[in-house]
1. Go through the chain and tell me which strands (runs of 3 or more DSSP E), entirely inside it, have 3 or more residues that are open to solvent by less than 50 Å² (accessible area, probe 1.4 Å).
2. Residues of the stretch 40-70 being of a type in the set (Phe, Trp, Tyr) and modelled with pLDDT of 95 or more, which ones?
Amino acid sequence: MVLFYATIDCVQEIVLVESERVAAIVYRRSMGDGWEDNTAETLVGLDAVLQLPSLGIELPFRGIYRYVDL
């Protein structure tokens, strides 16, 4: 499924948020319009902040996981 989103030209970031622990993996489109697996960023813990430059937003994990019982 993730590969499908990577084929959409306007998609700049793909975020996989985990539901069983406080973590996410962020894939970003490189400057050459490709996707590089080795540039995936892993965020872990309630103090992490998800930054999405393409949208101009920052999302603290404390907010994302506020109502999730882990």
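1. Numbers: elements: 13-17, 23-28, 41-44, 49-52, 57-60.
Ranges flagged: 13-17, 23-28.
2. To start, the set of residues in the stretch 40-70 that are of a type in the set (Phe, Trp, Tyr) comprises 61, 65, 67.
Hit for the stretch 40-70 is 61, nothing else.
The values are calculated or read from the model by the stated rules, or taken from the named source; none is laboratory data. Quick caveat: nothing in here was measured; it's all calculated off a predicted structure. Heads up: the accessible areas ignore ligands, DNA and RNA and are worked out on the full protein's heavy atoms, side chains in. Shrake-Rupley method; radii C 1.70, N 1.55, O 1.52, S 1.80 Å.
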